[in-house]
Amino acid sequence: MTLDLDFVRAQFPALQGEWTFMDNAGGSQVLRTVAERVSDYLLTTNVQTGASYEPSRVSTARVSQSREAFARFMNCDPGEIVEGASTTILIRFLSEAMTGRLEPGDEIILTNTDHEANIGPWLRHEARGIKIRWWRCDPETYELDLEDLKGLMNERTKLVCVTHASNILGTINPIREIADIAHAGGAELCVDAVAYAPHRAIDVKALDADYYIFSVYKVFGPHHAVMFGKREKLLALDNIYHYFFDKSRVPHKLEPGNINYECAWGSIGAVDYVEDLGRRAGAGEGRGAIEAGFAAIAEQERVITERLMDFLRSRNSVRIIGRSSSAIEDRVSTVSFTAGEQSSREIVEAVDKARIGIRYGDFYAKRIVEEHGLTKTDGVVRVSMIHYNTLDEVDRLIAALEPAL
Ligand SMILES: Cc1ncc(COP(=O)(O)O)c(C=O)c1O
């Protein structure tokens, strides 16, 4: 299954400029259709939802269509979709909505490979006597060992929090196996899927995650985010909105202050786009098209990742931080490395001159960088590609990196 890259790139106006964008794990470029939908919402249906007059009915319907689109995208029911401003906010809200059920002595397992968005909100419960246990990765391979997780579980474990793909390592974690371990111990699973969602089809049913969150601005859309929660789990959460919202008001009790309507409507463009890619690859409608679209995306990403990996593996000074395989099941196309004692900042600034946007630092996954001595090189160099990047662009990156390493 191959992508029609001319078609793909034509959908993103920013790609017609002179810059190559390889900081996509920071945020992808946006589809023209998404921008048009945001504008259309604001210019034609910008009224408060929930009233009886006609424009408000249209606006209400548009927001509920966004829940249907995200449900298709993640393989769940629209009633299991909560929307919000960002993943950081949604996890923070989720954490707040669990306050009533977490009791002193209860335990939460966090990893040191996660972005702080799936760490900080949970640490806040420590002040109320909730114990945090750390699931740490191997210091050499950066792998999370499932046996270590089993060893951390006990009868007080209420929640396991983990990232689906690390935004530094690119490593894909075995979420279904982690879910099985968490559930066998009576705990729930909260997955940060921000670094995974632009790259692979999401099937929350198959993964059996209880809560699963990602940001749409990394998936070709606007600054908006989505959380799946199993229906009965969402119903059981505390109300974090006004006092007159009762527990049954899902998703509204978890969306205090309302969501951004134009971004909700705009985001549908991103789901439509992946479906369109799937249809172009010969699939039908809906889920099948989403899966086929992502299969084509994954293959394109594997090809460009392998070209970059090949170069990095050939350089003696370079250490790839994470898996050096580019296999579709192993990693996404986010690749980080260091070069001996060299400053990552200097390497990235040299590449800036070639009008290629990459990045250095800790990417708010600060714990993994600090605990593994990576601060002395100003963090890692991260090249985060997505399907619209081309082999030609990778070759230009390699040409820019070569003299800098
Ligand atoms: C893995 C991961 N999780 C969470 C976030 C935070 O997302 P947001 O900016 O939507 O809060 C990011 C942002 O870079 C991320 O890469």
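Readers should treat all values here as calculations from the given coordinates under stated rules, not as data from a laboratory. Just so you know, these numbers come straight off a predicted model, no measurement behind them. So basically every Cβ, Gly included, is an ideal-geometry build from the backbone, and we count neighbours across all protein chains shown.
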Margin query: To the nearest 20 Debye, how big is the dipole of the chain about its Cα centre, given +1 on the beta carbon of each Lys and Arg and -1 on that of each Asp and Glu?
Written below: 560 debye
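Among DSSP beta bridges lying fully in the chain, give the percent that are antiparallel, nearest 5.
On the way: 21 of 40 bridges.
Percent antiparallel among DSSP bridges in the chain is about 50.
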Item checked: Amide proton proximity set for ALA365, modelled H, under 5 Å, gap of 5+ -> GLU116
Margin query: Can you compute the modelled spin-label distance between THR141 and SER39, with each label point 7 Å from Cα toward Cβ, in nm?
Written below: 5.1 nm
Note to self: Through the Karplus equation 6.51 cos²θ - 1.76 cosθ + 1.60, θ set to phi - 60°, convert the phi angles of the range 60-70 into ³J(HN,Hα) values in whole Hz; use x for Gly and Pro.
What the structure shows: 4, 5, 5, 5, 6, 5, 5, 5, 5, 5, 5
Check: Percent relative contact order of the range 34-270, based on C-alpha pairs within less than 8 angstrom and at least six residues apart?
Finding: 27 percent
Check: For the range 36-105 and the range 4-19, what is the separation of their C-alpha centers, rounded to whole Å?
Finding: 29 Å
Check: Listing PHE311, PHE7 from the residue with the fewest other Cβ atoms within 10 Å to the one with the most, what is the order?
Finding: PHE7, PHE311
Notebook entry, point to check: How long is the chain along each principal axis, judged by its Cα atoms, biggest number first, in Å?
Noted result: 63, 52, 34
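Around VAL194, under 12 Å between beta carbons, what's the net of Lys plus Arg minus Asp minus Glu among the other residues? Could the numbers behind the result be given before it?
Numbers: positive: LYS218; negative: ASP114, GLU116, ASP192.
With Lys, Arg at +1 and Asp, Glu at -1, the neighbours total -2.
Based on Cβ point charges of +1 for Lys and Arg and -1 for Asp and Glu, what charge dipole magnitude is obtained for the range 34-270 about its Cα centre, in debye rounded to the nearest 20? The partial results should precede the final answer.
On the way: 25 positive and 33 negative charges, 127 e Å.
Once rounded to the nearest 20, the dipole reads 620 debye.
Expressed in nm to one decimal, what extension gain is obtained for the pair ARG124 and THR375 from 0.36 nm per residue of sequence separation less their Cα-Cα distance? Each step should come with its number before you reach the end.
On the way: separation 251, 0.36 × 251 = 90.36 nm, distance 2.55 nm.
That pair, ARG124 and THR375, stretches by 87.8 nm at full extension.
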Notebook entry, point to check: When the distances between all Cα atoms of the range 34-270 are binned every 5 Å from zero, what whole-number percent does each bin get?
Noted result: 1, 7, 14, 18, 20, 16, 11, 7, 4, 2, 1, 0, 0
Checklist line | Backbone HN-Hα couplings from phi across the range 143-154 [Karplus 6.51/-1.76/1.60, Hz, Gly and Pro as x] | finding: 8, 8, 9, 5, 5, 4, 4, 4, x, 8, 6, 8
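So what's the net charge close to LYS230: Lys and Arg +1, Asp and Glu -1, counting the other residues with Cβ under 10 Å from its Cβ?
With Lys, Arg at +1 and Asp, Glu at -1, the neighbours total -3.
Can you tell me the mean projection area, over all orientations, of the convex hull of the range 131-286's alpha carbons? Units nm², please.
Numbers: hull surface 46.3 nm².
Directional mean of the projected Cα hull area for the range 131-286 stands at 11.6 nm².
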Checklist line | Unsatisfied cross-links (Cα-Cα over 21 Å) in the set LYS131/LYS158; LYS131/LYS376; LYS150/LYS230; LYS158/LYS233; LYS131/LYS205 | finding: LYS131/LYS376; LYS150/LYS230; LYS131/LYS205
Notebook entry, point to check: How large is the helix-only mean residue ellipticity at 222 nm for the chain, computed as the sum of -39500 (n - 2.57) over DSSP H runs with n ≥ 4, divided by its residue count, in deg cm²/dmol to the nearest 500?
Noted result: -12000 deg cm²/dmol
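Where Lys and Arg each count +1 and Asp and Glu each count -1, what net charge lies around ASP23 among other residues with Cβ under 12 Å from its Cβ?
On the way: positive: LYS218, ARG359, ARG382; negative: ASP352.
Result for the neighbourhood of ASP23: +2.
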Note to self: Below 8 Å, C-alpha to C-alpha, sequence gap of six or more: please give me the relative contact order for the chain in percent.
What the structure shows: 22 percent
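Would you order ASP192, ASP23 from fewest to most other beta-carbon atoms within 10 Å of each residue's own beta-carbon? Don't skip to the end; give the middle numbers.
Details: ASP192 29, ASP23 18.
Ordered from fewest to most neighbouring Cβ atoms within 10 Å, ASP192, ASP23 come out as ASP23, ASP192.
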Check: Could you state the number of Å between the C-alpha centres of the range 260-286 and the range 330-380?
Finding: 32 Å
Next item on the list: Pop the C-beta distance of ALA61 and SER317 into the FRET formula with R0 = 56 Å and round what comes out to the nearest 0.05.
Entry: 0.45
